[in-house]
Structure formats: C-alpha cells, structure tokens
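Worksheet for the structure shown next.
The values are calculated or read from the model by the stated rules, or taken from the named source; none is laboratory data. Treat the numbers as computed from the prediction; the structure is a model and nothing was measured. Cβ atoms come from the backbone with ideal geometry, glycine included; neighbour counts cover every protein chain shown. Remember, those area values only see protein heavy atoms, side chains included, never the ligands or the DNA or RNA. Shrake-Rupley method; radii C 1.70, N 1.55, O 1.52, S 1.80 Å.
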Amino acid sequence: MFWYDAASFTPMADPITMTARGLVAGNHPRIPFIEGDGIGPDIWRAARAVLDAAVAKAYAGRRAVAWEQVYAGEQAFRDTGEWLPAATEQAFRDRLVGIKGPLATPVGGGIRSLNVALRQRLDLYVCLRPVRWFPGVPSPVRHPELVDMVVFRENTEDVYAGYELAAGTDGAVRLADFLGREYGWRIGPDTGIGIKPVSRAASERLVRAALRWAIDHGRRSVTLVHKGNIQKYTEGAFRQWGYDLARREFGDRVTCLDGAADADAAAAAATATDGSRLVVKDAIADSVFQQLLTRPEEYDVLATTNLNGDYLSDALAAQVGGIGIAPGANINYVTGHAVFEATHGTAPKYAGKDMANPCSLILSGAMMLDYLGWPEAARLVEEAVARTIGERFVTYDFARAMEGAVQASTSAFGERVAGNLG
Ligand code: NAD
C-alpha cells in the first residue's frame, strides 16, 4: 500500500541507496522497468503480477514495489526517434535497480546493441546467470538435476569492447602496416582486425564478485574458465590475476588449486569435503564445455571472460530447458547499479499472441527481489514457478516436449504461478 503525493498523485517511494554495508531498498523502492519489444509486453504483464503478489504475500502488504515505466527499443524509437532515450538511462542511473524485457537490436541505428550500451554506460561489470533445473522441464540431457551453477561473466571488455576495423578500410590497412613494422606480424590487407582487451582491473573485480558471492552463499568452488593455453596475455592473465586475487584478498577462506603450491593442493584435498573452505580452480574453456555435459556435478560457480561467458551461459541454459527459463542480471557491486533482464530475445513470431514463456523474466524478477534484500519473496516466486511446472501447466515451448502437459497462455501461466504462491 502506497501513500500518494498530493500534488502529483504519484506513489511515494523510498530511494534505493548503496551504503558501505550494501544496498538499502526501504519498503517501497521505486524501480524502473522496460516492457521490451516483441513478446516483451506479454511476459512483463505476467511477471509483474507474480512479483507484486509475491511481495504482498511475503510481507503482508508492508512492502511493495513502486514501478516506474521507462522506454527503450522499438517503442521508444517510434515515439522519440531514439532507441535508448537519455531519460531511460538516467532513470536506471538514479534508481540504481531496474528490470527489462527483451529489446530488438536496432538495424542501421547508431547503437550496436541496446543491452551492451546499457551495460557499458552503467559499468555493469558482472553478467550474472544462475542455471538450475526445475523438475519436469524438458531437457536434452539425462541428468539435468545435476546442473546447479552460477556464471559470473565479465561484462565490459574482451571482444565486446567493439574495437574492430573492417577488412580493406584505411584504418585496418594502417594498423596492419604498423603491426608488421613494429612486431613483424603478417596481416594482409584483406583482413578484418578486432582487438581483445582484458585488463587486470576488470578481471579482478569480476573474480572478486564471484568469490564473495560464492562465500556468502556457501558454495563449494569457483572455477576460473579461460582459454589461456592459446591467448596467454588475455585469457591466461585472467586466470593468473584471479588466483593472485583469491590468495591476496580471500586467503583465509579459499584453497587455490593452481598447482603453484603443493601444500595448497594437499590442504584442498583435505578441506574440499568438509566445505569449510571455498575451492578455487581453473579449467580451459573447451574442456569445460565437455565437462558441463559429462560431469556437471563438479562445477559450481564459474568466473569467466566475456565471450566464453556468453557461450557458456547459453549452453548451460539449454541443458536445463532453454532460454525461455534462464534468468539474468547485469550488476555493478560497487555502485549498486543493477539491471535484471529476460535473457532471450523478442521472439517476434510470438509477439502479442499471449503464448511466450514468461519464466525468464519472472525468475529474473526473483533475482531482483534477492538483490533488494527480500529473499522471502524471491523464494516464494521460485517455489511457485516450480510448483506450476510440476503441475505440467506450461507454455507452448515446454508443452510440446512434456508428456501430459496442459498448454497455457502466457497470462494463464502467470495467473497460475501467482495462485501457487505460498
Ligand atoms: P530470440 O530469443 O528472440 O528467439 C530465439 C528462439 O527462441 C525463437 O524460436 C523464439 O521463438 C524462441 N523464444 C525466445 N524467447 C522465448 C520465450 N520467452 N518463450 C518461448 N519461446 C521463446 O532470438 P532471435 O530471434 O535471435 O532475436 C530476435 C530479436 O531479439 C533480435 O532483434 C535480437 O537482437 C533481440 N535479442 C535481444 C536480447 C535481449 O534483449 N536481451 C537477447 C537476444 C536477442
């Protein structure tokens, strides 16, 4: 229940603030949301109703979100001529925490990707993707229940920095020429060139966030995933900086399995089973892709560079039922800025048909409730989603692969989840 401002009739809300002890959300945080394009409005309606009902139930009406609609994507472009209006970026900046549906990528626009633009402008350096299986969800693997992982993907650099020159352009030819003269690198004039920056600062803050989260949540291990055998000074450096940071900042809480110290490894073997210390290990990206399929129980929290993380999180999502159910968030743990989002695209074929699966956005909303410090509401949402899927009441994407399932519309699924709360 809100008090209303007498002059503007807008609900009175608490500002979310970042303090030395973490985020303080108050009982009525104002949270901007972007419905999104394509299926966005359908899945947002369902998600919002579930989130509001869960908060009301968990806190007996003492808490509520004051939603504030902001615009980006096709709708914003139609109305304002801008894909990402300054007011929208400002709202996410001012309010700290926000949530969004999928956005169409502008074709021929000045922005390459709205999602990448938001991540870069707000310096949301962690892409957080928890991956777990809900019983009943169709999966291509025999033991999806063994997948319970959390991917921390570096979100600001690597090949996503956008430092690319097209083959044959003046810039590419001049750079190739310089590299030839300076380093003897042979790059022909028909070659496109991309630069992959991986810095110590960005690697450290990503690994720090993963280690803190793993310790706070009582997880068993953090695996640094890299391609350091080939890309020694980017991916290999990420691995080394990760281990160095783990020892320097978390030395009394972790055991590093990098083979640098045999004593460390022996201690790890002794402590790995009692769960008192977090194990920090590393693995080469290509072998991780194999082992996530063959030995998923050996992986827990994964910390990785940007491109590896992109591939890994979608591959893992496929193991537990696909992108319709995988939630995600982009977070800066220092400033507190966070944008929670559906991880799939706009699925234009299903736009406005009330058919799409709203689970990704609903579960991203649950992650947001956790982040606000409202875990009771977050657990209610997750349990209600699990219960509804367990009843085989699911949207078309799951229904076609589930025996005995009832195919529900987006709105009917949302209503059933809300009804299953608690
Ligand atoms: P997509 O995720 O929209 O669709 C891929 C497939 O998954 C399609 O078959 C689609 O029908 C299905 N699908 C996706 N979400 C679903 C859901 N919730 N329920 C049921 N089925 C679902 O990917 P795409 O077709 O490559 O991209 C379409 C648009 O979305 C493009 O403009 C792209 O740039 C954009 N996109 C946005 C985001 C984002 O905003 N985070 C992510 C990916 C793609």
What number of residues within the range 218-254 satisfy the criterion of being closer than 23 Å to Asp310 by Cα, part of a loop (DSSP other than H, G, I, E, B) and without any contact (Cβ under 8 Å) to a residue 12 or more places away in the chain?
-> 1
With respect to the numbered conditions (1) closer than 29 Å to Tyr396 by Cβ; (2) in contact (Cβ under 8 Å) with a residue 60 or more places away in the chain, which one is the sole condition not fulfilled by Glu145?
-> (2)
Condition met for Asn357 (out of contact with any strand residue (DSSP E or B) (no Cβ under 7 Å at 6 or more places or on another chain), open to solvent by less than 40 Å² (accessible area, probe 1.4 Å) and at pLDDT 95 or above) | yes
Taking the range 173-212 as the search range and keeping residues that are surrounded by 13 or more Cβ atoms within 10 Å (Cβ to Cβ) and farther than 30 Å from Ala329 by Cβ, which one is nearest to the chain's Cα centre (by Cα)?
-> Ile193
Evaluate the range 33-42: report whether one residue or more is open to solvent by less than 10 Å² (accessible area, probe 1.4 Å) and either away from the ligand (no atom under 12 Å from the Cβ) or within 18 Å of Ala377 (Cα to Cα) (or both).
-> yes
Among (1) touching a residue at least 60 places away in the same chain (Cβ under 8 Å); (2) open to solvent by less than 20 Å² (accessible area, probe 1.4 Å), which single condition is Pro130 missing?
-> (2)
Looking for whichever is touching a His at 6+ places or on another chain (Cβ under 8 Å), modelled with pLDDT of 95 or more and within 16 Å of the ligand (Cβ to nearest atom) here; the options are Ile284, Ile331. Which one fits?
-> Ile331
Can you name the helices (runs of 4 or more DSSP H) wholly within the range 273-390 that have at least 1 residues being aromatic (Phe, Trp, Tyr) and within 16 Å of the chain's Cα centre (by Cα)?
-> 306-319, 359-371
For the range 383-401, how many residues are of a type outside the set (Asp, Glu), more than 14 Å from the ligand (Cβ to nearest atom) and over 14 Å from Val50 (Cα atoms)?
-> 3
Selection from the range 111-127 of residues open to solvent by less than 40 Å² (accessible area, probe 1.4 Å), away from the ligand (no atom under 12 Å from the Cβ) and under 20 Å from Ala303 (Cβ atoms) yields Leu124, Tyr125, Val126
Which residue, of Thr88, Thr80, is farther than 21 Å from Ile362 by Cα and surrounded by 23 or more Cβ atoms within 10 Å (Cβ to Cβ)?
-> Thr88
Test: Gly352 is within 14 Å of the ligand (Cβ to nearest atom) and under 30 Å from Tyr125 (Cβ atoms) | no
Here are some conditions: (1) more than 21 Å from the chain's Cα centre (by Cα); (2) over 16 Å from Tyr125 (Cβ atoms). Ile215 meets all but one. Which one does it not meet?
-> (1)
Would you mind finding the one in Ala72, Ala46, Ala53, Ala66 that is crowded, with 20+ Cβ neighbours inside 10 Å and in contact with a strand residue (DSSP E or B) (Cβ under 8 Å, 6 or more places away or on another chain)?
-> Ala72
List pairs: first in the range 385-402 and in contact (Cβ under 8 Å) with a residue 12 or more places away in the chain, second assigned to a strand (DSSP E or B) and within 15 Å of the ligand (Cβ to nearest atom), Cβ under 6 Å, 6+ apart or cross-chain?
-> Tyr396/Gln407
Please tell me if Tyr350 is aromatic (Phe, Trp, Tyr), under 25 Å from Arg93 (Cβ atoms) and open to solvent by 40 Å² or more (accessible area, probe 1.4 Å).
-> no
Picking from Leu380, Leu372, Leu363, the residue that is within 17 Å of Arg132 (Cβ to Cβ), open to solvent by less than 40 Å² (accessible area, probe 1.4 Å) and either at pLDDT below 95 or away from the ligand (no atom under 13 Å from the Cβ) (or both) would be Leu380
Run Ala317 past the list (1) touching a helix residue (DSSP H, G or I) at 6+ places or on another chain (Cβ under 7 Å); (2) within 12 Å of the ligand (Cβ to nearest atom); (3) of a type outside the set (D, E, K, R); (4) open to solvent by less than 10 Å² (accessible area, probe 1.4 Å) and report the number of the one that doesn't hold.
-> (1)
Residue pairs meeting the criteria (Cβ under 7 Å; at least 6 apart or on separate chains; first on the phi > 0 side of the Ramachandran plot, in the range 347-369; second open to solvent by 10 Å² or more (accessible area, probe 1.4 Å) and near the ligand (Cβ under 7 Å from one of its atoms)) | Ala347/Gly38
Of everything in the range 92-106 that's hydrophobic (A, V, I, L, M, F, W, C) and open to solvent by 10 Å² or more (accessible area, probe 1.4 Å), which residue is farthest from Tyr71 (Cα to Cα)?
-> Leu96
Spot the failing condition for Val339; the list is (1) within 16 Å of the ligand (Cβ to nearest atom); (2) surrounded by fewer than 22 Cβ atoms within 10 Å (Cβ to Cβ); (3) of a type in the set (Val, Ile, Thr), and only one is missed.
-> (2)
